[in-house]
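Note sheet for the following structure.
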């Protein structure tokens, strides 16, 4: 590549011409400037240039003398001209007349950036484009542009950037030039070594760990140590000192640091520290507290005399605890909205810091006017009924946070933009609270085509999460459907023609009657699968399922207000015609059952929880028909035995979420299911069993009266009891299962348009046919990686790759690594 050089100005030196007039250099004479003109200019202000030259009419000047050379120097220093000539046009008596002849430098029309990516080009232009159209192309422009570009790329990890320039005329601007910028970023550099000096109590290895985003190269770091990033390095220096201070070294400071070139591919870092002594908490006294006594506040603070001094811990226990167990929360939850606490270091001696907690309690505030704005679709009453801050009640920070969570749980608003603003009224001790919300798309569509059982399957699903049933016949409310009442309507159809059809409908109302949080739901489904043969054909096989469910639920205030209790009545019909895989192959069976479910959900987010827990305990039971009738089941036919399905079913699921570091979150989950019987002569139910393994999705192999439980790393329905017949066990399912999950989650997108996170997981689970064989520690295991994304219109989509460690007898391919795809799965369900 040819060498690119910076354009140079005209090398002609500035000069003074006398136009044939004789000046005696040995006998200087004083003159009065009779006038000064400016030639060669088009774009600069003439009067300004003449004033800068100091050759102003009426001034006295000595010729020959330094005044003329100084005038040229001053104008040259402005960087506006490529050439300057000073002429004495005439001398009349004691008056002298000057003309300044200049050649203007071109102006910057625009930049043309080369050598960087499109996104980097956009970012650079944002930083330098304000100069376009008005800046003069001179050394100052070159230097400032180079500095801006190098700083930007240095923050991106490019340590050895080179910048050169060319110019070309701009046809759209008179005297305008396009400045072509050629950037050679070089390569990103790594940090070869990080050395510390001045550290005594902290080892260099410990200090390097505090630099979370600036890592030293090491042979054991298989995936590399990351590139040097100056911006992240500056952040790391602050965190380094914060960590040292958190360990009691409150005087710790970086005296100086340097980043130097180690090689063409790496840099080195040298940090000189001052540790200072290690400090401890001394006596802590409280001043100004009237509402709570000192013993209560000391217990909440939880800091003992002699503990290592940490301002971070002190701040957290005073007003920064995520769990609300700090001193400020005690007051704020009791109405003291203007509460303040100021920790003052009253005495520092030897290695001890004594503190005085100066408290201003202020008045106790009562909620007054509660308003919501920003809900352009959702009706006011739908939002207001979820508020935990009620007029007339004492102000409570906890209730404020809980309200934000409940508004987010509606699914109609962007949780990150829900903003509560308390507005205290000191005159009467009340506080107005205004909640600002922003609507987001909440309806979902499932439109897909897939391949299963040798056939193409089409699926269309529609879910309207903010439906309004009362406006069903109000044509003006269709946008495109009536919305705003927080009801949920779902319609789904799936078919591949005559072999398989499945249709379902559900509707739910979270506030039945609109006054109490009593939920009502109704759903119905019908599914059909056959081998496609004619009804008169002896090979004809068919199974049809029909069902309807009606449910009621209500929120509880005991043991706390995160609990819910629901009841549902279910009626299902199974029609089998020569269909294998069940305890009977032909006949009709009915399943009438009552379900009771107790749940508690304290997760702080429905899509990507970072804290909180979820548990659900479910009992589902049919009437014990065999204990009430006089049928002899030992001699009964299949038609008699299975006409009325009987069982009792117990399920438990728990989830727990905790933030580990930064945005990294751990999820722990445990599940258990048991299908019991009333009468051994009847035996286990032919339906309602558990199928473990795979993605847990309801596809071509639809429920068929079984619950599909996901377990990544194994093929669908392949985690069967030890010693079971694979064909029978896969088709019919098992009456007992358990499953455990440990998952690390990290968000990569968090916005109104999408939420996405990557996961690493370990799972374990198994199934059994008899309780006597049940062993919760005898499990099949798997590990894997995956990613999930939540799109408001499609719901939760995911892809996982899992590898199962344990072979399944009779199913050699069940555990040999599996990709799993999921679409719109339930966020808290049994999958």
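When restricted to residues that are part of a helix (DSSP H, G or I) and farther than 11 Å from residue 75 by Cα, segment 41-60 contains 2. Find the residue count for segment 405-421, including only residues that are surrounded by fewer than 17 Cβ atoms within 10 Å (Cβ to Cβ) and assigned to a strand (DSSP E or B). The total comes to 2.
Determine, yes or no, whether residue 21 is touching a strand residue (DSSP E or B) at 6+ places or on another chain (Cβ under 7 Å), at pLDDT below 90 and assigned to a strand (DSSP E or B). Don't jump to the end; show me each part of the working.
On the way: touching a strand residue (DSSP E or B) at 6+ places or on another chain (Cβ under 7 Å): yes; at pLDDT below 90: yes; assigned to a strand (DSSP E or B): no.
No: the conditions fail for residue 21.
Can residue 540 be described as within 41 Å of the chain's Cα centre (by Cα) and either outside the structural domain of residue 683 (by TED's automatic domain parsing) or under 24 Å from residue 443 (Cβ atoms) (or both)?
Working: within 41 Å of the chain's Cα centre (by Cα): no; either outside the structural domain of residue 683 (by TED's automatic domain parsing) or under 24 Å from residue 443 (Cβ atoms) (or both): yes.
Taking the combined requirement at face value, the residue does not satisfy it.
In the set 783, 748, which member is in the same structural domain as residue 653 (by TED's automatic domain parsing), part of a strand (DSSP E or B), in contact with a strand residue (DSSP E or B) (Cβ under 6 Å, 6 or more places away or on another chain) and free of Cβ contacts under 8 Å to residues at least 40 places away in the same chain?
Numbers: 783 fails: free of Cβ contacts under 8 Å to residues at least 40 places away in the same chain.
Every option except 748 fails the conditions.
Only strands (runs of 3 or more DSSP E) whose full extent lies in segment 615-706 are considered here, and none of them has at least 1 residues that are crowded, with 20+ Cβ neighbours inside 10 Å, outside the structural domain of residue 733 (by TED's automatic domain parsing) and modelled with pLDDT of 90 or more.
Residue by residue, here is whether (1) touching a strand residue (DSSP E or B) at 6+ places or on another chain (Cβ under 6 Å); (2) under 23 Å from residue 78 (Cα atoms); (3) modelled with pLDDT under 85 holds:
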position	(1), (2), (3)
139	no, yes, yes
143	no, yes, no
160	no, no, yes
163	yes, no, no
167	yes, yes, no
173	yes, yes, yes
179	yes, yes, no
191	yes, no, no
200	no, no, no
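Hey, any hits in segment 582-604 for a residue that's under 26 Å from residue 705 (Cβ atoms) and assigned to a helix (DSSP H, G or I)? Checking segment 582-604: not a single residue is under 26 Å from residue 705 (Cβ atoms) and assigned to a helix (DSSP H, G or I).
Looking at segment 461-504 only, could you name the residues that are assigned to a strand (DSSP E or B), surrounded by fewer than 14 Cβ atoms within 10 Å (Cβ to Cβ) and touching a residue at least 12 places away in the same chain (Cβ under 8 Å)? Quick ask: steps written out before the conclusion?
Step one: of segment 461-504, the residues assigned to a strand (DSSP E or B) are 461-467, 478, 482-483, 487-495, 500-504.
This time we only want the ones that are surrounded by fewer than 14 Cβ atoms within 10 Å (Cβ to Cβ), so: 478.
Result: no residue meets the conditions.
Go over the candidates 724, 764 one by one and state the one that is over 25 Å from the mean Cα position of the chain (by Cα), part of a loop (DSSP other than H, G, I, E, B) and either surrounded by 13 or more Cβ atoms within 10 Å (Cβ to Cβ) or touching a residue at least 24 places away in the same chain (Cβ under 8 Å) (or both). Please lay out each step first, then the result.
Values: 764 fails: part of a loop (DSSP other than H, G, I, E, B).
Of the residues listed, the single one that is over 25 Å from the mean Cα position of the chain (by Cα), part of a loop (DSSP other than H, G, I, E, B) and either surrounded by 13 or more Cβ atoms within 10 Å (Cβ to Cβ) or touching a residue at least 24 places away in the same chain (Cβ under 8 Å) (or both) is 724.
Per the conditions (1) over 17 Å from residue 344 (Cβ atoms); (2) touching a residue at least 60 places away in the same chain (Cβ under 8 Å); (3) under 36 Å from the mean Cα position of the chain (by Cα); (4) assigned by TED's automatic domain parsing to the domain that holds residue 202, the sole criterion not satisfied by residue 250 is (1).
For residue 265, are the conditions met, namely being touching a residue at least 40 places away in the same chain (Cβ under 8 Å), surrounded by fewer than 16 Cβ atoms within 10 Å (Cβ to Cβ) and not assigned by TED's automatic domain parsing to the domain that holds residue 208?
Working: touching a residue at least 40 places away in the same chain (Cβ under 8 Å): yes; surrounded by fewer than 16 Cβ atoms within 10 Å (Cβ to Cβ): yes; not assigned by TED's automatic domain parsing to the domain that holds residue 208: no.
Considered against the rule, which asks whether it is touching a residue at least 40 places away in the same chain (Cβ under 8 Å), surrounded by fewer than 16 Cβ atoms within 10 Å (Cβ to Cβ) and not assigned by TED's automatic domain parsing to the domain that holds residue 208, residue 265 comes out as no.
Every listed requirement among (1) touching a helix residue (DSSP H, G or I) at 6+ places or on another chain (Cβ under 8 Å); (2) part of a loop (DSSP other than H, G, I, E, B) is met by residue 441 save one, (1). For residue 313, the conditions (1) within 30 Å of residue 428 (Cα to Cα); (2) touching a residue at least 60 places away in the same chain (Cβ under 8 Å); (3) out of contact with any helix residue (DSSP H, G or I) (no Cβ under 6 Å at 6 or more places or on another chain); (4) surrounded by 15 or more Cβ atoms within 10 Å (Cβ to Cβ) are fulfilled apart from (1).
State yes or no: is residue 258 under 30 Å from residue 208 (Cα atoms), at pLDDT below 95, assigned to a strand (DSSP E or B) and more than 33 Å from the chain's Cα centre (by Cα)? Show your work before the answer.
Working: under 30 Å from residue 208 (Cα atoms): yes; at pLDDT below 95: yes; assigned to a strand (DSSP E or B): yes; more than 33 Å from the chain's Cα centre (by Cα): yes.
Yes.
Would you pick out the residues in segment 353-377 that are farther than 23 Å from residue 423 by Cβ and at pLDDT below 95? Scanning segment 353-377 gives a single hit, 377. The set of residues in segment 386-408 that are out of contact with any helix residue (DSSP H, G or I) (no Cβ under 8 Å at 6 or more places or on another chain) and over 24 Å from residue 429 (Cα atoms) comprises 405, 406. Checked against the criterion of being under 36 Å from the mean Cα position of the chain (by Cα) and surrounded by fewer than 19 Cβ atoms within 10 Å (Cβ to Cβ), the candidates 586, 599 yield just one match: 599.
The values are calculated or read from the model by the stated rules, or taken from the named source; none is laboratory data. Keep in mind that what you see is a predicted model, and the values were worked out from it rather than measured. Heads up, the Cβs are rebuilt from the backbone with ideal geometry, glycines too, and the neighbour counts pull from every protein chain shown.
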